[in-house]
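*Asks:* Please see the structure below; I have some questions.
Please treat every number below as a calculation from the coordinates, not as lab data. This structure is a prediction, so every number in the text was calculated from the model and none was measured. Here the Cβ is made from the backbone with ideal geometry for all residues, glycine too, and neighbour counts use every protein chain on show.
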Amino acid sequence: MSMVSNQDSTLNSEDTALYQMNLLARSALDLTLHGLENRSLNHDRGSCTLETLRVRRDWRALTERERRAYIDSILCLQQLPPQTPDALAAGAKTRYDDFLATHINQTWHIHRTGTFLAWHRYFIYTFEEALRNECGYSGDLPYWNWGSDIDSMEQSPLFDGSDTSISGNGAFIPNQPDLRIPLGHTDIPPLILPTGTGGGCVTSGPLTNYTVNMGPSFLYMPGGNVSRMSNPLDYNPRCLKRDLTNSILRSNNNHSTVLNLIQNSPDIWSFETNTQGAPGSGLLGIHGGGHLAMGGDPGRDADANPGDPGFWNHHSMIDRIWWMWQYEDLEEREFAVSGTGTFLNEPVSANTTLDTHVNVGFVKRGSIAMRDLMSTTAGPFCYVYL
Ligand SMILES: [Cu+2]
């Protein structure tokens with residue numbers, strides 16, 4: 001017995017955690033399929049069926065052609081005209097910028113709130129739909145499986161700077177001082193974090209000529225300052241910067257940490273809090289970890305980070321983890337909501353409920369109830385993760 005467990009502990013614990021994560025994903029998938037089967041047996045058709053179900057996959061599992069199709073549809077969105085009125089966001093120059101403007105605009109109402117998970121589920125879905133409906137994309141939103149990249153983001157197929165990546169690292173800037181990450185406007189001491197292996201403009205890959213049009217809005221700078229335009233929705237064109245930081249990804253987003261998050265968050269409050277790093281714990285959580293591991297501008301910007309297209313793959317993975325967590329105890333967790341409508345309830349606001357409506361601004365008109373955002377196979381959604 002003791003020999004066996006000794007041997008077990010010398011196995012790579014990351015491999016073990018990845019294996020267990022895949023089991024959890026498999027179980028969530030099976031339960032989802034089962035639920036859809038039952039629905040059709042009961043002639044309760046709904047709009048999501050086994051036939052219309054879509055599958056979001058790991059970036060690694062995509063062929064190069066599939067990766068390129070996804071990237072090309074993003075480049076397409078960055079060429080289409082915006083729908084956000086000039087008066088609201090003068091810097092919104094493309095359809096892609098509608099997403100950036102919405103996130104900047106709503107940032108204090110969609111982070112550390114009861115809406116955080118559901119709002120972002122809806123937001124990335126409207127992005128996926130825009131790629132399909134406005135740019136002819138026929139695939140699905142691929143996710144960034146962080147744990148596979150903790151040793152070298154630079155060699156990740158997502159960030160390696162190749163033609164089939166979303167561009168890679170920024171040009172190396174030596175001697176960048178540490179980051180100091182405050183928690184919103186609270187008095188909680190800032191986290192001190194290292195900078196990465198880049199820092200400047202991305203130098204290769206499909207996004208080399210992409211222009212970030214808005215922000216900075218709440219950009220953590222090496223050395224500790226927060227950079228902010230007086231109006232972050234104004235036009236401020238600049239290159240996409242990255243500063244890939246493996247150590248941040250390794251400590252916050254390794255497979256074991258993610259597995260632990262799913263298995264040891266008994267209720268929605270602890271799950272969403274741990275996902276974003278519990279205040280005062282000194283942890284970033286998987287959410288901040290992924291964003292800050294990309295680094296740069298707007299990767300390190302709490303408000304403007306959708307300006308880095310890595311945002312979509314990162315949040316797709318967060319949504320996947322939520323989906324897996326929900327299916328660990330669907331009855332208790334499918335419709336679980338906790339929190340209010342403001343960042344750490346500052347200023348004090350009403351509790352988020354299933355009847356709370358959220359919106360994505362000029363990304364897609366109208367609003368939608370939280371209730372309709374809780375299942376990936378109900379309301380507007382019809383997808384699972386592999
Ligand atoms: Cu966000």
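*Asks:* Kindly indicate whether Ser167 is over 25 Å from Thr353 (Cα atoms), away from the ligand (no atom under 14 Å from the Cβ) and not in a helix (DSSP H, G or I).
*Replies:* Values: over 25 Å from Thr353 (Cα atoms): yes; away from the ligand (no atom under 14 Å from the Cβ): yes; not in a helix (DSSP H, G or I): yes.
Yes, satisfied.
*Asks:* Right, next: Can you tell which of Val212, Val258, Val202 is over 20 Å from Leu344 (Cα atoms) and over 19 Å from the mean Cα position of the chain (by Cα)?
*Replies:* Only one candidate passes the filter, namely Val202.
*Asks:* OK, next. If I filter segment 308-322 for residues that are more than 15 Å from Trp144 (Cα to Cα) and either out of contact with any helix residue (DSSP H, G or I) (no Cβ under 6 Å at 6 or more places or on another chain) or in contact (Cβ under 8 Å) with a residue 12 or more places away in the chain (or both), do I get at least one hit?
*Replies:* Initially, segment 308-322 is screened for residues more than 15 Å from Trp144 (Cα to Cα), giving none.
Among the residues of segment 308-322, not one is more than 15 Å from Trp144 (Cα to Cα) and either out of contact with any helix residue (DSSP H, G or I) (no Cβ under 6 Å at 6 or more places or on another chain) or in contact (Cβ under 8 Å) with a residue 12 or more places away in the chain (or both), which makes the answer no.
*Asks:* Further question on the same structure: Exactly one of these conditions fails for Asp160: (1) within 16 Å of the ligand (Cβ to nearest atom); (2) over 29 Å from Thr352 (Cα atoms). Give me its number.
*Replies:* Unmet for Asp160, out of (1) within 16 Å of the ligand (Cβ to nearest atom); (2) over 29 Å from Thr352 (Cα atoms): (1).
Results for (1) crowded, with 23+ Cβ neighbours inside 10 Å; (2) closer than 22 Å to Gly161 by Cα; (3) under 19 Å from the mean Cα position of the chain (by Cα), shown as yes or no for each residue.
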residue: Gly196; (1), (2), (3): yes, yes, no
residue: Asn225; (1), (2), (3): no, no, no
residue: Asn236; (1), (2), (3): no, no, no
residue: Leu244; (1), (2), (3): yes, yes, yes
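*Asks:* I need a count of the residues in segment 74-91 that are in a loop (DSSP other than H, G, I, E, B) and buried (at least 17 other Cβ atoms within 10 Å of the Cβ). Working first, answer last.
*Replies:* Step one: filter segment 74-91 for residues in a loop (DSSP other than H, G, I, E, B), giving 78-91.
Subset that is buried (at least 17 other Cβ atoms within 10 Å of the Cβ): 78, 82, 84, 89-91.
Counting residues in segment 74-91 that are in a loop (DSSP other than H, G, I, E, B) and buried (at least 17 other Cβ atoms within 10 Å of the Cβ) gives 6.
*Asks:* State all residues of segment 354-380 that are free of Cβ contacts under 8 Å to residues at least 60 places away in the same chain and surrounded by 14 or more Cβ atoms within 10 Å (Cβ to Cβ); if no residue qualifies, say none. Steps first, please.
*Replies:* Let us first name the residues in segment 354-380 that are free of Cβ contacts under 8 Å to residues at least 60 places away in the same chain, namely 354-355, 357, 359, 365-367, 369, 371-372, 375, 379.
Across segment 354-380, the qualifying residues are Leu354, Asn359, Ala369, Arg371, Asp372, Ser375, Gly379.
*Asks:* Now a separate question. Looking at the structure I just gave you, is Arg54 of a type in the set (D, E, K, R), within 20 Å of Gly379 (Cα to Cα) and in contact with a strand residue (DSSP E or B) (Cβ under 6 Å, 6 or more places away or on another chain)? Give the derivation first.
*Replies:* Values: of a type in the set (D, E, K, R): yes; within 20 Å of Gly379 (Cα to Cα): yes; in contact with a strand residue (DSSP E or B) (Cβ under 6 Å, 6 or more places away or on another chain): yes.
Spelling it out, Arg54 is indeed of a type in the set (D, E, K, R), within 20 Å of Gly379 (Cα to Cα) and in contact with a strand residue (DSSP E or B) (Cβ under 6 Å, 6 or more places away or on another chain).
*Asks:* Could you go through segment 50-73 and let me know if any residue there is touching a residue at least 12 places away in the same chain (Cβ under 8 Å), closer than 22 Å to Val212 by Cβ, in a helix (DSSP H, G or I) and among the aliphatic types (A, V, I, L, M).
*Replies:* So far as segment 50-73 goes, yes, one or more of its residues are touching a residue at least 12 places away in the same chain (Cβ under 8 Å), closer than 22 Å to Val212 by Cβ, in a helix (DSSP H, G or I) and among the aliphatic types (A, V, I, L, M).
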